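Contents: one structure, followed by commentary.
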Amino acid sequence: MPVQQKILIVDDEANLRVTLSMVLRRGGYGVAQAGDAAAALELLKMHVFDLALLDLGLPDMSGIELLRLIRQSHPDLPVIMLTGNATLDSAIQAIRQGARDYILKPIEPEYILLRLKEVLQENQQPQRRRELVRKIQDLMGELNDLDSGNSTTPGELQALSPADPNRLLRVGRLTLDLHTRHCFLNGQFVQIPPSSFDYLTVLARHSPAEVSFETLVYEAQGYRVSRVEAGEMARWQIHELRKALEADSSRPTMLITVRNVGYRLVA
């Protein structure tokens with residue numbers, strides 16, 4: 001019988017801890033809870049955990065500060081940050097300090113179980129590989145500090161994620177995290193419907209060039225259809241994207257219609 005993997009939940013919201021615990025236990029995991037950083041550090045001294053879910057905002061210290069302490073004492077423990085108010089800066093800071101990922105509240109049970117499984121599988125790689133990855137992260141961090149005078153840029157997040165060097169896609173004011181499928185406009189998180197995110201990614205990769213209806217649908221969904229059919233399929237997705245990204249969706253300035261051809265992104 002396989003050994004049950006154990007997860008530490010650190011969050012000051014009691015209801016969220018209870019809900020997450022139920023979801024994880026149903027998923028086959030053992031769970032321990034902490035409402036603040038002090039309690040989390042005590043649990044880490046007494047027990048061995050396979051992964052920690054860590055809230056960005058805690059009552060006795062910031063989640064980033066606690067993450068830093070955890071990385072010092074438990075360098076091989078994977079940590080996923082939880083946040084209700086994500087910004088690009090907070091995401092970069094968390095990843096730079098060693099977090100494997102960040103998940104937005106409210107948390108979808110299916111999504112968090114999927115991410116836990118993926119991260120835990122990644123963490124089963126040989127010890128030597130993990131050591132090399134950490135050394136690469138440290139060296140890249142030092143190089144970026146020297147080059148930028150300690151300033152943090154989205155490029156650092158890409159450099160500090162050697163397992164996925166193409167994680168960030170940035171076009172002007174728009175940044176797409178292809179790992180978490182999160183969108184940031186001017187550094188602020190913007191909720192994008194999952195299917196529409198694929199269309200936005202295609203437009204961003206081609207930006208500022210125009211993308212035909214057929215190409216847009218094929219690269220976003222894998223379908224080869226006629227221009228008329230592609231136009232109909234893309235129209236709704238662009239409508240959803242404009243609602244999320246444009247100041248006035250009836251007068252778009254980012255997602256531009258190219259008449260009888262397709263769309264282009266100007267960010």
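Results, tabulated for the structure shown:
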quantity: Enumeration of residues in segment 62-101 that are basic (K, R), at pLDDT 85 or above and either surrounded by fewer than 18 Cβ atoms within 10 Å (Cβ to Cβ) or over 22 Å from R17 (Cβ atoms) (or both); calculated: R68, R71
quantity: Verdict on F213 being of a type in the set (F, W, Y), free of Cβ contacts under 8 Å to residues at least 40 places away in the same chain, out of contact with any Ser or Thr (no Cβ under 8 Å at 6 or more places or on another chain) and outside the structural domain of D89 (by TED's automatic domain parsing); calculated: no
quantity: Hits in segment 102-123 - residues which are crowded, with 16+ Cβ neighbours inside 10 Å and of a type in the set (K, R); calculated: R115
quantity: Filter result for the condition that a residue is surrounded by fewer than 19 Cβ atoms within 10 Å (Cβ to Cβ), on the phi < 0 side of the Ramachandran plot and at pLDDT below 90, over R205, R227, R251; calculated: R227
quantity: Residue within segment 248-257 that is among the small types (G, A, S) and in contact with a helix residue (DSSP H, G or I) (Cβ under 9 Å, 6 or more places away or on another chain) present; calculated: yes
quantity: Positions within segment 216-245 being without any contact (Cβ under 8 Å) to a residue 40 or more places away in the chain and among the small types (G, A, S), in sequence order; calculated: A220, G222, S226, A230, G231, A234
quantity: Which listed residue, of L160, L185, is over 17 Å from L77 (Cβ atoms), surrounded by 14 or more Cβ atoms within 10 Å (Cβ to Cβ) and at pLDDT 90 or above; calculated: L185
quantity: Residue pairs meeting the criteria (Cβ under 7 Å; at least 6 apart or on separate chains; first within 18 Å of D101 (Cβ to Cβ) and in the same structural domain as A39 (by TED's automatic domain parsing), in segment 60-73; second at pLDDT below 95 and of a type in the set (G, A, S)); calculated: G63/G57; I64/A94; L67/A94; L67/G98; L67/A99; R71/G98
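The values are calculated or read from the model by the stated rules, or taken from the named source; none is laboratory data. What you see is a predicted model; the values in this text were computed from it and never measured. Positions of Cβ are backbone-derived with ideal geometry, glycine not excepted, and every protein chain shown enters the neighbour counts.
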